[in-house]
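This report refers to the structure that appears directly beneath it.
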Amino acid sequence: MRRPVSRRAAPALLGAVLAWTAHAQTAPAAANPSSQPAPAAGIQTVTVTYTRDPVDKSYRKMIRGMERFQREHALAPQATLRFRLLPRSPTVDMHGILLRVIGDHITVPVPVAPDNSFTLPRNEQALQEDAAVVANRKTTSMTWRAQVMTPGLPPGTRRLGDLRLECLVGMEAGLVSNSSPLFGWISNALTSPEQVCNSAEGNFLFFTERPVFAVTLRAGDRTEVLPFHFLYAGGDQTRDMLPFCDCQVLLDRTYYAPIWDRGWPDDTLVSFEFMDDAPETAP
Amino acid sequence: MNARRTVAVGALAAALLSGCATRAPEPGTSVAEARFDALVVPGRTTRAELLAAFGPTKTVVFDSGMAAWLYTAPAAGGGHAELVLLLGRDGIVKKMRKRPPYPTDPAP
């Protein structure tokens, strides 16, 4: 069974999650001012206007992702990099999302395109303040990906080198959105971009634009259809497992690409048959 | 607090590593390809007819109400072909495709 990088440890980690929860409960007072005694005379009161959600994206990490894109640009020499917001919860409204880089003393608005993609400006103060990239949506309602696109490809196709770079940038930038802050924390501790993107066990999930029925790779004379277990997050997600996967509402758009298999060159064309494509008819 | 956190990290690391183990993907029910070809017609064949003819198999159901079904068929040169069906909300086969075995497929 293939396990998406975002949820593969979910059942096994449950006990540890509970342990962590118990740990976290040792310090609830800071989040509940009403339970605190009035400050003694002479003690300065600090008003916190913004508390970073542990699942917010780190601006520093996303900038590191952009730097990774520059370093590894040979994988996709003609491509440009954008980031993209994708739905994760069934009820999230993906229209009119506002995105900001928020530090202790700085706020930088980030324009979001109609397709919910964006680029991140480089800001030294935000870097110094270890700012967060924050959307006006609940953090667990969306997931994030890098989008590396070579221009001029046939419609409905991707390039394998672009996908390789999307994985490296996405992992470097910490974009995979997990159910619990704990998952992001432990995932970052134990999975490097190389471990995830260069291994058949990396299980980095990609998403198509529409529900997908088949994925085909073409390189020169070689053509192969990906096996069924490369689609739909392995095809073995149960209802109780899906909330731990950032493919939660995108299951029918989810696929693995063999980015770890150097037998497929970067110029390999990845094409899709979508569920709503009209059936082929004889000429 | 640091000691507790260290313990938690260790437990989580062990749990995560154990969670990384993978196993071979669950195959679909094996059927005779000729019989499959004779019986399955996109736009007409129903879920009930599939179950009656071939039995239950590996299925992925989506929020849209659509479902993907996977059957397999022994291939002439060894290995197996994948016979993949897309069923609509009405339970009728909407699409069908076949994936032959490739020399690069891992051994079962």
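What the table below lists for this structure:
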{"read-out": "Cβ pairs under 8 Å, 6+ apart, first in region B:81-99 and within 8 Å of chain A (Cβ to nearest Cβ), second of a type in the set (Lys, Arg)", "value": "B:Glu82/B:Lys98; B:Glu82/B:Arg99; B:Val84/B:Arg97; B:Val84/B:Lys98; B:Val84/B:Arg99; B:Leu86/B:Lys94; B:Leu86/B:Lys95"}
{"read-out": "Residue check for B:Ala107: more than 9 Å from every other protein chain (Cβ to nearest Cβ) and either under 24 Å from A:Ala278 (Cα atoms) or modelled with pLDDT of 85 or more (or both)", "value": "no"}
{"read-out": "Residue list for region B:46-69, filter: at the interface with another protein chain (Cβ under 10 Å from one of its Cβ atoms) and part of a loop (DSSP other than H, G, I, E, B)", "value": "B:Phe62, B:Asp63, B:Ser64, B:Met66"}
{"read-out": "Members of region A:203-238 found to be part of a loop (DSSP other than H, G, I, E, B), within 10 Å of another protein chain (Cβ to nearest Cβ) and not acidic (Asp, Glu), listed by number", "value": "A:Asn203, A:Pro211, A:Leu226, A:Pro227, A:Gln237"}
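The values are calculated or read from the model by the stated rules, or taken from the named source; none is laboratory data. Small disclaimer: the values here were computed from a predicted structure and weren't measured. So basically every Cβ, Gly included, is an ideal-geometry build from the backbone, and we count neighbours across all protein chains shown.
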